[in-house]
Amino acid sequence: MSKITKTGLEALLRPEDSILVLIDHQPFQFANLNSHEPTMIINAVTGLAKAAKIFNVPTILTTVIEERGGLIIK
């Protein structure tokens, strides 16, 4: 198998070669979070999701049990 190394503009990440996966972005998951302020995380994830939408990057949302974890943040 030959290994081709891309350089220059060919080495850049492109929307058609990308996917965004958001895992467990539910209120229950933020309840015991001590390393970051939940509002900061929500704002960062919202910005990331909006950027993915602008660049047509496919986005997958996945959660744990909805009844226990709550709905995905809007």
- Does Asn34 count as on the phi > 0 side of the Ramachandran plot and outside any strand (DSSP E or B)? no
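Quick one: which residue in Leu71, Leu13 is part of a loop (DSSP other than H, G, I, E, B), modelled with pLDDT of 80 or more and hydrophobic (A, V, I, L, M, F, W, C)?
Numbers: Leu71 fails: modelled with pLDDT of 80 or more.
Every option except Leu13 fails the conditions.
Output yes when any residue across segment 11-29 is small (Gly, Ala, Ser), farther than 21 Å from Lys74 by Cβ and surrounded by 10 or more Cβ atoms within 10 Å (Cβ to Cβ), and no when none is. Let's see the steps before the verdict.
Narrowing segment 11-29 to residues small (Gly, Ala, Ser): 11, 18.
Then keep just the ones that are farther than 21 Å from Lys74 by Cβ; that gives 11, 18.
If we keep only those that are surrounded by 10 or more Cβ atoms within 10 Å (Cβ to Cβ) as well, we get 18.
Taking every residue of segment 11-29 in turn, at least one turns out to be small (Gly, Ala, Ser), farther than 21 Å from Lys74 by Cβ and surrounded by 10 or more Cβ atoms within 10 Å (Cβ to Cβ).
Mind listing whichever residues of segment 51-68 are modelled with pLDDT under 90, more than 11 Å from Leu22 (Cα to Cα) and not in a helix (DSSP H, G or I)?
First, the residues of segment 51-68 that are modelled with pLDDT under 90: 61-68.
Checking the rest, the ones that are also more than 11 Å from Leu22 (Cα to Cα) come to 64-68.
If the condition is that a residue be modelled with pLDDT under 90, more than 11 Å from Leu22 (Cα to Cα) and not in a helix (DSSP H, G or I), then Val64, Ile65 are the ones that fit.
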- Message: I need the full set of residues from segment 33-73 which are among the small types (Gly, Ala, Ser) and exposed (fewer than 13 other Cβ atoms within 10 Å of the Cβ), in order please.
- Response: Ser35, Ala44, Gly47, Ala51
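Before we move on, is Leu48 at pLDDT 90 or above, among the aliphatic types (A, V, I, L, M) and within 13 Å of Ile73 (Cβ to Cβ)?
Values: at pLDDT 90 or above: yes; among the aliphatic types (A, V, I, L, M): yes; within 13 Å of Ile73 (Cβ to Cβ): yes.
Taking the combined requirement at face value, the residue satisfies it.
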- Item | Tabulated pairs, segment 1-20, first farther than 26 Å from Ile54 by Cα, second of a type in the set (Gly, Ala, Ser), C-beta under 6 angstrom, 6+ apart or interchain | none
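The values are calculated or read from the model by the stated rules, or taken from the named source; none is laboratory data. This structure is a prediction, so every number in the text was calculated from the model and none was measured. Backbone-built Cβ (ideal geometry, glycine too); neighbour counts: all protein chains shown.
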